[in-house]
Every structure is written in C-alpha cells, then in structure tokens.
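**Student:** Mind having a look at this structure? Questions to follow.
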Amino acid sequence: MRKMMAVVTAAGSLLLAGAAAASPALAAASGTFSATGSMNTARLHGTATLLPDSGSWQPVAAVNQIPTGHAKQVSTASLDVVIINDGGTITAVSGVCTHLGCKLQPDDANRKLDCPCHQTAFSWSGKVLYYRLKAAPANLPQIPSRVNNGQVELYIV
C-alpha cells in the first residue's frame, strides 16, 4: 500500500502524487480540494486504477439487463452512473453532466450521452463530443466497474 494525495482542481482535473512528494503549494492553489489517504492499485479493463481503501464493490445491475450496444442509468446512495455494454465490454462513467450537474440521457442509437439542460453530448467513453457553451465542460469521470457472477459491480466509496 502506498500513501497517495489526490487534488481536484477547480477545472475538474485530478492530480495524483506521492504524499511525501506533494508540494504544500499544490494543495494551497486557488480553487482546489485535497484529500490524503491510502489507495490500492487494481487492474480494470487492462489499465491500473487507484481505488480508495474505504470503498467496496457493490452490485448495481445484472449483466443481462444491459444488452450489447446499450447503456443503462443506475443510481446508488452516492452516485448517478451510466453503465455501458460496448460489444460485451462493460464500463461505467458518471451519469451527471460536468457543466451544471444535470442527469445525462443515454442515446443508444448514436452511442452517446445527452445533457437535457443544454446542447452537450458525451461519448460512451466520457469524452465531450460537442457543446454549445463558452468553454468545453470537463470529460466525464470513469467509475471503476467489473462483472462478477453475472452482476455489474461498481467500486463505491
């Protein structure tokens, strides 16, 4: 286990650094929030993902509820998430627009997530596709997900 510091900037960027190496100036930067804690590293979808120690995997849907080529909205006590079945690969992204926090609407036919509050759309991977704002909103955060015994599970803190 390695001590990590995470800093989320006002622009929505996530910065990670070893706690010993983290500069006090980084945490004191205007418009930032920082939290220090232990993190575990897990392999999800072939990439390393940092997971807080305090979370746990929670089942949120049966895999057969999300056919290939479809996305499903799910809500937990702490998250609104869109689970995507893209050719048999299950992934999850935040189900909330990064601009104003509106709940995103899946558009399976066009493989995108639409914001009903303004003309903004995100790809199933969470990247901004288009927007009609002065500046592009941040991409959607990825939510750690896995399939376990026929259930889609999310790592929830």
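The values are calculated or read from the model by the stated rules, or taken from the named source; none is laboratory data. From a predicted model like this one, the values you see are computed outputs, not experimental measurements. Note that we place each Cβ from the backbone using ideal geometry, even for glycine, and neighbour counts take in every protein chain shown.
**Student:** Yes or no: segment 65-80 includes at least one residue that is under 19 Å from P137 (Cβ atoms), surrounded by fewer than 14 Cβ atoms within 10 Å (Cβ to Cβ) and within 17 Å of the chain's Cα centre (by Cα).
**Tutor:** no
**Student:** Please state which one of G101, G126 is touching a Pro at 6+ places or on another chain (Cβ under 8 Å) and outside any strand (DSSP E or B).
**Tutor:** Details: G101 fails: touching a Pro at 6+ places or on another chain (Cβ under 8 Å).
Criteria check complete, one pass: G126.
**Student:** Does segment 67-76 include one or more residues that are in contact with a helix residue (DSSP H, G or I) (Cβ under 7 Å, 6 or more places away or on another chain), assigned by TED's automatic domain parsing to the domain that holds V152 and among the small types (G, A, S)? Give the derivation first.
**Tutor:** From segment 67-76, those in contact with a helix residue (DSSP H, G or I) (Cβ under 7 Å, 6 or more places away or on another chain) are 69-72; that's our starting set.
Then keep just the ones that are assigned by TED's automatic domain parsing to the domain that holds V152; that gives 69-72.
Right, trim to among the small types (G, A, S) and you get 69, 71.
Yes, because at least one residue in segment 67-76 is in contact with a helix residue (DSSP H, G or I) (Cβ under 7 Å, 6 or more places away or on another chain), assigned by TED's automatic domain parsing to the domain that holds V152 and among the small types (G, A, S).
**Student:** Regarding L154, is this residue crowded, with 18+ Cβ neighbours inside 10 Å, of a type in the set (A, V, I, L, M) and without any contact (Cβ under 8 Å) to a residue 60 or more places away in the chain?
**Tutor:** Numbers: crowded, with 18+ Cβ neighbours inside 10 Å: yes; of a type in the set (A, V, I, L, M): yes; without any contact (Cβ under 8 Å) to a residue 60 or more places away in the chain: no.
So L154 does not fit the description; no.
**Student:** Output the number of the condition that A77 fails; it satisfies all remaining conditions of (1) under 15 Å from L154 (Cβ atoms); (2) in a strand (DSSP E or B).
**Tutor:** Result: A77 fails condition (2) only.
**Student:** Further question on the same structure: Can you spot a residue in segment 98-115 that is basic (K, R) and exposed (fewer than 14 other Cβ atoms within 10 Å of the Cβ)?
**Tutor:** no
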